[in-house]
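Colleague: Take a look at this one; I'll ask things after.
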Amino acid sequence: MAHRIAVIGGDGIGPEVTAEAIKVMQAVGVPLALTHYDLGGKRYLRDGEILSDATLAELRGYDAILLGAVGTPEVPPGVIERGLLLKMRFDLDLYVNQRPFAGTGPGHSEPHDFVVIRENTEGPYVGEGGVLRKGTPHEVATQGSVNTRMGAERAIRHAFDLAMKRRKHVTLVHKTNVLTFAGDLWMRAFEEVAAEYPQVGTAYNHVDAACIYFVQDPHRYDVVVTDNLFGDILTDLGGAVSGGVGLASSANLNPARTGPSMFEPVHGSAPDIVGTGKADPRAAILSAALMIDFLGESAAAERIRAACAEPVSGSTTEIGSQISSRVAG
Ligand code: IPM
Ligand code: MN
């Protein structure tokens, strides 16, 4: 039976790279029933819809959501991010943001292969806090980081489950030496979950040190688990040391499968290169591979990953066609 996919191409290069991801999935022969949703900054400017409750309710009915990129310079920062992307992550309970990094870092000769598990529903992203005395010299802004035991634990548990299928090692990244309340909650949750997985080795890095290791010694990592904001920052760095953000894919997962998961490249809508053919579609194509893998099509996903690992050249559509012909073989 065909997998029912909601496609949100979005803004900027989003629709361009998403079209190539669809082309590759069709070439590999995975049965898909696609429904396109016109959402993002451009749609918002046209009629004010960001993501209505009715649209969100429809999205809940799909097997998965494939997203290109959203955001346009004409809309102030935060509106589309909060109203669309974070709303989907929170309301669909996509509590794991899984971001794989495979490549050879600058200055290295051996490839690395690690995965970052970013908690995806908490931290400073929840929007706790507010502003007082705005526009005066006494203006105050607070933005609290929300950490629940349940939220940390379920992300950590996912990291250990994943490590069991890989090289059996999990590193917690946090800042326990300064963020003593949140850090203590995360550390205790980590130690208690780790005790249930005696076969899995563990390590802990402060986030600042992890930034050095990502560059200088990425081979030490198998699975990294961290909070929402550290994970946001670290995964851009992960992309930068793994062939660039043009290759960085991500899965916003509801591992409990109580609803659809959402798959998107790590990069943004890049309005400066829209229409030039310069956008690398591989991050979107690899995100589609994560999607079909999660839907049980692991052999097809592996073929797409292998095709993306070979050199590519040309424009957005030419790269999509090259990879399509490799997977069709
Ligand atoms: C990401 C992005 C988003 C985030 C933005 C666009 C809200 O940077 O997916 O990493 O901060 O999570
Ligand atoms: Mn980010």
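Laboratory data are not the source of any read-out in this text; all were calculated from the coordinates shown. Predicted model only: the values in this text are computed from it and were never measured. Reconstructed Cβ throughout: ideal geometry from the backbone, glycine too, with neighbour counts over all protein chains shown.
Colleague: For a quick protection proxy, order the peptides 137-150, 208-221 by their average other-Cβ count within 10 Å, most packed first.
Modeller: Descending mean neighbour count gives 208-221, 137-150.
Colleague: Quick one: what are the phi-derived ³J(HN,Hα) couplings along segment 142-151, Karplus 6.51/-1.76/1.60 with θ = phi - 60°, whole Hz, x for glycine and proline?
Modeller: 10, 8, x, 9, 9, 10, 9, 4, 4, x
Colleague: Could I ask something else about it? Please report how far the C-alpha centroid of segment 256-271 lies from that of segment 119-171, rounded to the nearest whole angstrom.
Modeller: Centre-to-centre distance over Cα atoms comes out at 18 Å.
Colleague: Would you mind checking which residues have amide H under 5 Å from residue 203's amide H? H placed 1.01 Å from N; only 5 or more apart, or other chain.
Modeller: Those qualifying (amide H under 5 Å, at least 5 residues apart or on another chain) are 170, 171, 172.
Colleague: Using a cut-off of under 15 Å, list every residue of segment 54-76 whose amide N is near the label point 7 Å from the Cα of residue 131 along the Cα-to-beta-carbon line.
Modeller: Of the residues in segment 54-76, 76 have backbone N under 15 Å from the label point off residue 131.
Colleague: Now a separate question. Between residue 9 and residues 5 or more places away or on another chain, which pairs have amide H atoms under 5 Å apart, with H built 1.01 Å from N, and which residues are they?
Modeller: 37, 39, 68
Colleague: Mind listing the phi-derived Karplus ³J(HN,Hα) values for segment 294-308, rounded to whole Hz, using 6.51, -1.76 and 1.60 with θ = phi - 60°, and x for any glycine or proline?
Modeller: 5, 8, x, 9, 6, 5, 5, 4, 5, 5, 5, 4, 5, 5, 6
Colleague: A further question on this structure: FRET efficiency for residue 188 and residue 317, Cβ-Cβ distance as r, R0 = 35 Å, nearest 0.05?
Modeller: 0.10
Colleague: Continuing with the same structure: Binning at 10 Å from 0, report for the chain what percent of all alpha-carbon pair distances ends up in each bin.
Modeller: P(r) for the chain, in whole percents per bin: 6, 25, 34, 25, 8, 1, 0.
Colleague: Based only on other Cβ atoms within 10 Å, what is the fewest-to-most ordering of 313, 324?
Modeller: Fewest-to-most ranking of 313, 324: 313, 324.
Colleague: Moving to a separate point now. Highest mean first, what order results for 281-294, 72-85, 123-136 on Cβ atoms within 10 Å?
Modeller: For the peptides 281-294, 72-85, 123-136, the packing ranking is 281-294, 72-85, 123-136.
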